[in-house]
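The values are calculated or read from the model by the stated rules, or taken from the named source; none is laboratory data. Just so we're clear, the structure is a prediction, and the values are computed from it rather than from any experiment. Note: ideal-geometry Cβ built from the backbone for every residue, glycine included; neighbour counts use all protein chains shown. In case anyone asks, the SASA skips ligands and DNA or RNA and just uses the protein heavy atoms, side chains included. Shrake-Rupley method; radii C 1.70, N 1.55, O 1.52, S 1.80 Å.
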Amino acid sequence: MTTPVLEARGLSRAFGHVRALDDVDFEVYPGEVTALIGDNGAGKSTLVKALSGNLAVDTGVIKFEGNPLQLTNPMQASALGIETVHQDLALAPHLDPVQNMYLGREVMKKGIGGAFGFMNVAEMRTESRRAFDELGATVRSLTSPVGSMSGGQRQAIAIARAVHWANKVVFLDEPTAALGVRQTKNVLETIRRVRDKGIAVVFISHSMPHVMEVSDRIQVLRLGHRAAAIDTKTTNMEELVGLMTGASTRGVA
Amino acid sequence: MTDDVRDADLKKAEFGQTDAAGPETTSINMAQSKETALTRLLKAQAFQILIVLIVIVAIFSALAPDTFAQLSNLRLVVQNASILAVLGVGMTFIIITSGIDLSIGSVLVFSGVVSAIVMRAMGGDDWGTATVGIIVSILSGLAWGIFNGLLISKAKVPPLIVTLGSLGMALGLSQIITGGVDIRDVPSVLTNSIGYGNIFGGIPIISVVALVIVIIGAIVLHKTKFGLYTYAVGSSEEAARRVGVKVDRHLIKVYALSGALAGLAGILSLSQFSTTAIAGQSQTNLNVIAAVVIGGTSLFGGYGTIFGTVVGLFIPAVLQNGFVITGVQPFWQQVAVGAVLIAAVYVDQVRRASAARGASTSLWRHFARRNNK
């Protein structure tokens with residue numbers, strides 16, 4: 001079996017008396033969509049924060065491509081090729097898609113122009129368009145502010161940005177939660193395309209049909225620990241709901 | 001037809017969409033061709049306010065062709081607006097970050113006072129002394145700007161309060177240093193050149209200085225990473241921080257920039273008026289803020305242009321000049337500027353509201369739709 005690109009062993013994190021993560025194991029493989037599901041308060045967000053460098057853990061080991069490492073900030077995760085699309089997307093509404101795509105990672109002009117802070121706008125625009133086209137993202141305009149676009153378009157831009165910079169792992173925190181039918185279909189299609197590029201996708205969702213449709217592997221969290229890690233083909237929605245609520249159990253693979 | 005379908009159809013009709021899959025699936029290339037540089041220009045509030053300015057100029061020119069519409073009068077208006085233009089550049093950056101700087105008038109005075117004292121102590125009337133004076137003035141302003149920026153970004157005190165505090169502190173310290181008496185010893189090399197000297201056959205040097213600052217400011221704001229980060233911080237501090245923009249450091253830089261420009265304005269004012277004019281800048285901050293806002297920069301951050309600020313400066317300046325020339329009581333200028341200011345913020349509100357709905361941000365269309373109802 002291949003080495004997981006990102007792996008967690010025995011992660012624990014307590015907030016006061018609440019054990020948000022309780023000895024959690026987790027692994028994602030390249031070129032696969034791993035769904036992370038669980039009821040509210042199961043520890044999904046905490047786990048993602050820990051794995052994307054947004055939160056320190058009390059105990060446990062995080063391994064990147066088999067090597068243990070300390071993730072202390074999101075920039076470190078970015079440098080490794082790990083990106084997160086948060087539920088609030090974190091786009092600057094007044095900036096256009098290209099500016100959002102490259103914010104904090106601008107391509108500067110070569111030579112003296114770059115030294116004075118001038119950016120290579122043409123290259124950033126070309127690359128952004130390529131990135132949007134590659135994902136089939138329908139972006140209305142590359143020069144309009146993101147804030148004037150629909151939720152689906154903003155979601156597409158946020159995902160395209162994450163994928164553009166991530167070459168290893170992308171975390172998507174409920175990317176379909178606020179979307180209509182067609183936009184949801186676009187996002188699921190986008191997830192498949194990202195996976196086909198060989199990137200590991202972690203898909204957090206409350207929607208069991210979406211999870212069944214798009215994921216290769218499902219990890220179920222319950223009360224801060226992993227209730228199950230299963231192959232999507234071997235399960236069904238009833239079992240998943242049972243695992244999330246604790247009504248049924250299954251050996252951790 | 002079920003109720004749901006009918007509702008959907010009604011909605012479609014309401015939003016003027018013939019096809020539900022319209023905007024969502026429009027390809028990039030199609031959208032690009034629709035959005036020419038011209039339509040963007042027409043949409044910009046700075047352009048709309050420029051039309052207002054042109055109308056005002058046209059009215060006064062028609063009323064007083066022999067006095068108002070003269071090159072010498074234009075020159076006077078430009079000269080009077082120069083110091084405010086220097087301050088306006090810094091203020092535009094600050095308001096785009098959704099901040100405010102009330103202290104610029106006092107910092108201007110403080111920088112002028114410190115600079116005048118240093119130059120008086122040196123005693124010379126040559127460019128060596130003047131150069132030291134210029135540097136001292138800019139550094140004094142810079143120090144106040146860094147002070148403001150540190151308190152705002154690191155101590156998290158709201159900009160309104162920090163700069164209200166430094167407004168009082170800078171003015172009070174100026175009065176303490178001078179004992180409340182204006183210093184009138186300004187090297188004549190400064191007053192003869194920057195003060196009321198001309199170059200290129202009649203263009204005031206002070207206006208050339210202001211123009212250079214405006215052009216550099218516009219390039220930095222619209223073309224460089226520094227400018228992009230200024231918009232990003234004002235648009236969404238959280239979004240900027242998440243992608244690794246050093247928000248605190250950027251805010252300090254922006255307030256430092258505004259302070260340094262207030263310092264530069266201090267030496268310009270000293271040269272123009274040959275006095276520290278301690279009591280003369282109490283309205284400066286509000287005049288500059290009004291100009292920036294009239295020029296279309298949003299007080300909520302994330303949006304604005306230097307060009308708009310320059311146009312926004314000339315509306316009060318032209319009104320004042322025009323009223324004096326046409327014999328209207330100049331007090332009407334304040335009334336008119338107040339009205340323009342409120343109108344400008346109303347326009348900004350309308351645009352933000354329609355942007356939030358994802359609708360067109362064109363003002364013309366907004367008013368057209370109103371009239372059709």
So A:Ile159 fits all but one of (1) at pLDDT below 85; (2) more than 10 Å from chain B (Cβ to nearest Cβ); (3) in contact with a Ser or Thr (Cβ under 6 Å, 6 or more places away or on another chain); what number is the exception?
(1)
Taking segment B:148-174, which residues are open to solvent by 20 Å² or more (accessible area, probe 1.4 Å) and closer than 20 Å to B:Thr284 by Cα?
B:Pro159, B:Leu160, B:Ile161, B:Leu164, B:Gly165, B:Leu167, B:Gly168, B:Met169, B:Leu171, B:Gly172, B:Leu173
I'd like to check which helices (runs of 4 or more DSSP H) are fully inside segment B:164-268 and have at least 3 residues that are within 14 Å of chain A (Cβ to nearest Cβ) and at pLDDT 90 or above.
B:205-223, B:225-235
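Evaluate segment A:91-100: report whether one residue or more is of a type in the set (Gly, Ala, Ser) and open to solvent by 50 Å² or more (accessible area, probe 1.4 Å). Talk me through it step by step, then tell me what you get.
The initial filter retains those residues of segment A:91-100 that are of a type in the set (Gly, Ala, Ser), namely A:92.
So of that shortlist, the ones also open to solvent by 50 Å² or more (accessible area, probe 1.4 Å) come out as none.
So far as segment A:91-100 goes, no, none of its residues is of a type in the set (Gly, Ala, Ser) and open to solvent by 50 Å² or more (accessible area, probe 1.4 Å).
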Being modelled with pLDDT under 50, over 20 Å from B:Leu313 (Cα atoms) and within 14 Å of another protein chain (Cβ to nearest Cβ) is true for just one of B:Ala13, B:Ala37, B:Ala31. Which residue is that?
B:Ala31
Within the bounds of segment A:28-39, is there any residue that is closer than 26 Å to A:Gly151 by Cα and more than 14 Å from the chain's Cα centre (by Cα)?
yes
All but one of (1) open to solvent by 60 Å² or more (accessible area, probe 1.4 Å); (2) farther than 14 Å from A:Val169 by Cα; (3) at pLDDT 85 or above; (4) small (Gly, Ala, Ser) hold for A:Ala115; which doesn't?
(3)
Note on segment B:137-161: residues aliphatic (A, V, I, L, M) and without any contact (Cβ under 8 Å) to a residue 24 or more places away in the chain are B:Leu151, B:Ala155, B:Val157, B:Ile161
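Among the residues of segment B:190-249, write down those that are among the basic types (Lys, Arg) and under 21 Å from B:Thr305 (Cβ atoms).
Once the filter is applied, which keeps residues that are among the basic types (Lys, Arg) and under 21 Å from B:Thr305 (Cβ atoms), segment B:190-249 yields B:Lys223, B:Lys225.
When segment A:76-106 is examined, which residues are found to be among the aliphatic types (A, V, I, L, M) and either at pLDDT below 85 or part of a strand (DSSP E or B) (or both)?
Pass one, segment A:76-106, residues among the aliphatic types (A, V, I, L, M): A:77, A:79-80, A:82, A:85, A:89-92, A:95, A:98, A:101, A:103.
Selection gives A:Ile82, A:Val85, A:Leu89, A:Ala90.
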So the strands (runs of 3 or more DSSP E) completely within segment A:30-75 holding 2 or more residues that are at pLDDT 85 or above and open to solvent by less than 40 Å² (accessible area, probe 1.4 Å) are A:33-38, A:59-64
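For segment A:133-144, how many residues meet the condition of being more than 7 Å from chain B (Cβ to nearest Cβ) and either farther than 24 Å from A:Lys197 by Cα or open to solvent by less than 10 Å² (accessible area, probe 1.4 Å) (or both)?
First pass over segment A:133-144, keeping only residues more than 7 Å from chain B (Cβ to nearest Cβ): A:133-137, A:144.
Checking which are either farther than 24 Å from A:Lys197 by Cα or open to solvent by less than 10 Å² (accessible area, probe 1.4 Å) (or both) leaves us with A:144.
Residues flagged as more than 7 Å from chain B (Cβ to nearest Cβ) and either farther than 24 Å from A:Lys197 by Cα or open to solvent by less than 10 Å² (accessible area, probe 1.4 Å) (or both) within segment A:133-144 amount to 1.
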Of (1) out of contact with any Ser or Thr (no Cβ under 8 Å at 6 or more places or on another chain); (2) more than 11 Å from chain B (Cβ to nearest Cβ), A:Ala56 fails just (1)
Out of curiosity, is B:Thr275 touching an Asp or Glu at 6+ places or on another chain (Cβ under 8 Å) and open to solvent by 10 Å² or more (accessible area, probe 1.4 Å)?
yes
How many residues, within segment A:82-126, are within 22 Å of the chain's Cα centre (by Cα), more than 10 Å from chain B (Cβ to nearest Cβ) and hydroxyl-bearing (Ser, Thr, Tyr)?
0
